[in-house]
Amino acid sequence: MCKSDKMTMLRMPLTALLALLLFASCLEDEADTLVLPLPDGKIPYSVISEELQDALLANGFIIHEGITPPNIEGIFIAAPMSLHYSSDNYSNEFYPVTMTFRDQKRRGMIVYSERQRDTVEGASLAAQVIGHDSCFTMYCYQNLAEYSEYQPLWSCKIATVISGILTPLGIKDCQYTFIILEKEASNSYYDAQLSEPGTFRIFNDGDGLASRLR
């Protein structure tokens, strides 16, 4: 059975704003030069602050720690996506997410990308996977954007964390969270569709399994 030592040390954040300011401060000015620390089995506080990790844990997100994660390479679809918690009072559901993991290294480095519908794509700037046995947590920074006729409607920089238990059929108890860091929109309509920087949302796979596509 998967357990996280962090679950026994929950502490509520002083403020979500402070946590996210601390988180944003650890980003490089040039995204292409982002380098995540080598993993020690935990998500480094320099990547996601202790306060923000505590906030995720306190609101039901599980972080599987460890230095022996399973090999999670493959393509999976999380559907339906069920909203579990939002720090910005968002109440709608989320489009199914197709998640691709590839080129996993022994030290936990991995390449991650995702797709929602046919128009929203994200690609990791840097990604790591931690965990133990069949339990894992992948964390990364992403640039996410939606296009229409090859023109961007909106784009944002986010931090993404995905947790679950790898099985032959897919990712059991798959959880997905993102934290908005920056956003840019082509007009006021699309700007209003995006949550504000400093907010995060937690989703669970509604049927308990993100199915393996390949």
Residues of the range 46-83 that turn out to be over 15 Å from the mean Cα position of the chain (by Cα), more than 25 Å from residue 97 (Cα to Cα) and not charged (D, E, K, R), as a count: 4
Which numbered condition residue 198 misses (of (1) touching a helix residue (DSSP H, G or I) at 6+ places or on another chain (Cβ under 6 Å); (2) part of a strand (DSSP E or B)): (2)
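Kindly indicate whether residue 199 is of a type in the set (Val, Ile, Thr) and either surrounded by fewer than 16 Cβ atoms within 10 Å (Cβ to Cβ) or closer than 20 Å to residue 65 by Cα (or both).
Working: of a type in the set (Val, Ile, Thr): yes; either surrounded by fewer than 16 Cβ atoms within 10 Å (Cβ to Cβ) or closer than 20 Å to residue 65 by Cα (or both): no.
No; evaluated as a whole, the condition is false for this residue.
Report the residue count in the range 127-182 for those that are among the acidic types (Asp, Glu) and in contact with a Lys or Arg (Cβ under 9 Å, 6 or more places away or on another chain).
Here the count works out to 2.
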Selection count, the range 72-102, where residues are of a type outside the set (Lys, Arg), more than 14 Å from residue 210 (Cα to Cα), touching a strand residue (DSSP E or B) at 6+ places or on another chain (Cβ under 8 Å) and open to solvent by 50 Å² or more (accessible area, probe 1.4 Å): 6
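Tell me, please, whether a residue that is assigned to a loop (DSSP other than H, G, I, E, B), within 16 Å of the chain's Cα centre (by Cα) and either loosely packed, with under 15 Cβ neighbours inside 10 Å or modelled with pLDDT of 50 or more (or both) can be found in the range 11-25. Explain how you work it out, then say what you get.
Let us first name the residues in the range 11-25 that are assigned to a loop (DSSP other than H, G, I, E, B), namely 11-15, 25.
Among the residues that remain, those that are also within 16 Å of the chain's Cα centre (by Cα) are: none.
Checked the range 11-25: no residue is assigned to a loop (DSSP other than H, G, I, E, B), within 16 Å of the chain's Cα centre (by Cα) and either loosely packed, with under 15 Cβ neighbours inside 10 Å or modelled with pLDDT of 50 or more (or both).
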Some residue of the range 183-200 being aromatic (Phe, Trp, Tyr) and under 20 Å from residue 55 (Cβ atoms): yes
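The values are calculated or read from the model by the stated rules, or taken from the named source; none is laboratory data. Worth saying up front: this structure is predicted, and the values here are computed from it rather than measured. Virtual Cβ from ideal backbone geometry, glycine too; neighbours counted across all protein chains shown. Side chains are part of the model used for accessible areas, which takes the heavy atoms of the whole protein and leaves out ligands, DNA and RNA. Shrake-Rupley method; radii C 1.70, N 1.55, O 1.52, S 1.80 Å.
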